[in-house]
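Working notes for the structure below.
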Amino acid sequence: MKFVHSFLFVIACFAATAGYAQRDKAVSPLLNQPERYVYDKDLLDLSFHMQRREALREMMPANSAAVFFTNPVRNRANDVDFPYHPDPNFYYLTGYREPNAVVVIFKDLQTIDGKKTTDVIFVQDRDPAKEVWEGRRYGKEGTKNILGFSVVKLNTDFEDFISALKKYETVLITGTPKGAVNESRSKADLYDMSEAFKSKSGYPDGNINSNELRGMMARLRQIKTEEELVLMRKAIEITCEAQVELMKNLNPKMTEYQAEALVEYVFAKNGAEHVGFPSIVGAGENSCILHYITNRRQLTGSELLVTDIGAEYHGYTADVTRTLPVNGKFSPEQKIIYELVLKAQEAGIAECLNGKAFRDPHNVAFKIITKGLIEHGIIKTDSETGNYFMHGTSHYLGLDVHDPGTYGKLEPNMVITVEPGIYIAEGSDCDPKWWNIGVRIEDDILITRGDPVNLSESAPRRVVEIEKIMAGNKATGTTK
Ligand code: GLY
Ligand code: MN
Ligand code: MN
């Protein structure tokens, strides 16, 4: 299939170049090089997206169509937008990464524009003036040839197509886009398509079903294919490398944002396009804020630093947390809490077995943490555990950091996190010697037919390993 992909790609480049030159000769020569649009050679192959559409069709009810909108462009301020990120379901099914697009997938073979097809995608047109500012677009030709769609229409055709959806018994939809903004200069941006859909399809009534498509996508996406696992392993390896670099360089002279800069440099250096979520880098009192992303504090030396990070590589994100003593050595209290979280995590990972309930790793981790907190006099009964361990232990991981899934039984090729934590904020109802100790340890676990595979094990997490790596750090408080 790789060969077919490359062959189609060459044809696409040729076709797109020729088409482009014909349409607008006056345009900057920069735009006459659409082959330079795809720089990465290890993107998911078009066969992956085709197979995912097929897998969805198998789940769809008789005589149905499924409509997916991609994500809106989100404005940051004035004329600056946030970097664009497609909707993960849309990306999974199409590979298309530009905004203002819709895909419709049919249960049964259709004839559209004289072609037999099981799907139709509506994309934004090429636009020489815009491409000079914002970069190249696939257009109809690129979408056909690079992504393998046989019927591609322009997004300006979507409105007229909507009435054709009336003839299906069921039109499945996960929802209409939230936060789409009407761009006055665009005739068919996501807002226009979404509004047209709402007014012309009978949404949310008639043959529209907004309840079941999310569940179908969760069933598909929770089981990773081998192609997806290649990208996930890469995202996770990059993230582990960043964690190790942090261990090797962390010292009390740094700030939280410098620790953040260091890990995100490693991400970018290795080709990760984005962070999968804003990096959580919290020291001391901030180690007790679960999703702390301010990252502005000066480190001191005697505190713990929680670093919860994930590189996003070709859409797939890692999610790995390590907790480090800023001065290179855990204090006795820090070590007690750290070892307790680690014990809970290892027991949780051991539960990541085919056929176990999704909640089993959490239940095991929760019990161990409860017992330890009672033994150390931090709580009296398990009704208090939630004061210090206030989140679940696991979630699915994939295109989203909190990926969709059914939360039923664990099955081979699921990837889930195991991430217990203990957070003892200042002022907590316990001996102040425990205050400001926040610990989370998070790994990404592949469920198999046999033992769990820890995909993030290359970032060490035992106390002796961490202290050994950090002992070599320049400017490390207690070791130099
Ligand atoms: N990084 C967010 C989480 O661990 O769920
Ligand atoms: Mn995390
Ligand atoms: Mn997580």
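The values are calculated or read from the model by the stated rules, or taken from the named source; none is laboratory data. As the structure is a prediction and not an experimental result, all values here were calculated from the model. Cβ placement follows ideal geometry from the backbone for every residue including glycine, while neighbour counts extend to all protein chains displayed. The area values use the complete protein model at the heavy-atom level, side chains included, leaving out ligands, DNA and RNA. Shrake-Rupley method; radii C 1.70, N 1.55, O 1.52, S 1.80 Å.
This model, with +1 at the C-beta of Lys and Arg and -1 at the C-beta of Asp and Glu, gives the stretch 63-220 a dipole about its Cα centre of some 300 debye. Label sites at S383 and E169, each approximated as a point 7 angstrom past Cα along Cα to Cβ, lie 5.3 nm apart. Where a ≥ b ≥ c are the square roots of the eigenvalues of the C-alpha gyration tensor, would you call the stretch 359-480 rounded, which needs a/c under 1.5, or, failing that, prolate if a/b is larger than b/c, or oblate? Taking the square roots of the gyration eigenvalues as a ≥ b ≥ c, the stretch 359-480 is oblate. The stretch 56-113 and the stretch 407-480 have their alpha-carbon centroids 36 Å apart. Residues whose amide H lies under 5 Å from that of D119, counting only those 5 or more places away or on a different chain, are F106; hydrogens are built 1.01 Å from N in the peptide plane.
One quarter of the convex hull surface built on the alpha carbon atoms of the chain amounts to 25.4 nm², the projected area averaged over directions. Scalar couplings 3J(HN,Hα) for the stretch 387-392, obtained by applying the Karplus form with A = 6.51, B = -1.76, C = 1.60 to θ = phi - 60°, are 5, 10, 10, 9, 9, x Hz; x denotes Gly and Pro.
Working note: Karplus 6.51/-1.76/1.60 with θ = phi - 60° gives the stretch 142-159 the couplings x, 5, 5, 8, 7, 9, x, 6, 8, 10, 10, 10, 7, 4, 5, 8, 5, 4 Hz, where Gly and Pro are set to x. How high is the relative contact order of the chain? Use alpha-carbon pairs under 8 Å, at least six apart in sequence, and give a whole percent. Reported relative contact order: 13 percent.
A simple spin-label model places pseudo-atoms 7 Å from Cα toward Cβ; at N270 and S458 they are separated by 0.6 nm. Applying the criteria of a DSSP loop state and at most 15 other Cβ atoms within 10 Å to the chymotrypsin sites (Phe, Trp or Tyr not before Pro) of the stretch 50-115 yields Y84.
Between the residues Y203, L410, L290, the greatest Cα displacement towards the positive end of the dipole of the chain, with unit charges on the Cβ of Lys, Arg, Asp and Glu, is found for Y203. Would the stretch 210-262 count as rounded, prolate or oblate if I go by the C-alpha gyration tensor, calling it rounded below 1.5 in a/c and otherwise prolate when a/b exceeds b/c, oblate otherwise? Note, shape of the stretch 210-262 comes out oblate.
Label-to-label distance for D108 and K253 is 7.3 nm, based on points extended 7 Å past Cα in the beta-carbon direction. Tell me whether the stretch 309-415 comes out rounded, prolate or oblate; compute the Cα gyration tensor, take square roots of the eigenvalues as a ≥ b ≥ c, and use a/c under 1.5 as the rounded threshold. Judged from the Cα gyration tensor, the stretch 309-415 comes out oblate (a/c at least 1.5, b/c at or above a/b). Assuming charge only on the beta carbon of Lys and Arg (+1) and of Asp and Glu (-1), the dipole of the chain about its Cα centre is about 600 debye to the nearest 20.
Counting only DSSP H runs of at least 4 residues, each contributing -39500 (n - 2.57), and dividing by the residue count of the chain, the helix-based mean residue ellipticity at 222 nm comes to -11000 deg cm²/dmol. Protection proxy ranking of 281-293, 444-456, by the mean of other Cβ atoms within 10 Å over each peptide's residues and highest first, is 281-293, 444-456.
Placing unit charges on the Cβ atoms only, positive for Lys and Arg and negative for Asp and Glu, gives the stretch 340-412 a dipole magnitude near 200 debye about its Cα centre. The residues of the chain expose on average 44 square angstrom of accessible surface per residue, using a 1.4 Å probe on protein heavy atoms.
With the dipole of the chain worked out from charges on the C-beta (+1 for Lys and Arg, -1 for Asp and Glu) around the Cα centre, which of A242, C430, G315 lies farthest toward the positive end? Final value for the positive-end residue is G315. Whole-Hz Karplus values for the stretch 209-223 come out as 10, 9, 9, 9, 5, 4, x, 5, 5, 5, 5, 6, 6, 6, 9 Hz, taken residue by residue from phi with 6.51 cos²θ - 1.76 cosθ + 1.60 and θ = phi - 60°; glycine and proline positions read x. When all protein chains stay in place and ligands, DNA and RNA are ignored, the 1.4 Å accessible-area order of E419, E134, E237, largest first, is E134, E237, E419. Residues whose amide H lies under 5 Å from that of L154, counting only those 5 or more places away or on a different chain, are V123; hydrogens are built 1.01 Å from N in the peptide plane.
Once the Cα atoms are used to define both axes, helix 360-375 deviates from the longest principal axis of the chain by about 20 degrees. Only protein atoms count toward the accessible area here, which uses a 1.4 Å probe; on the chain, the carbon and sulfur part of that area reaches 53 percent.
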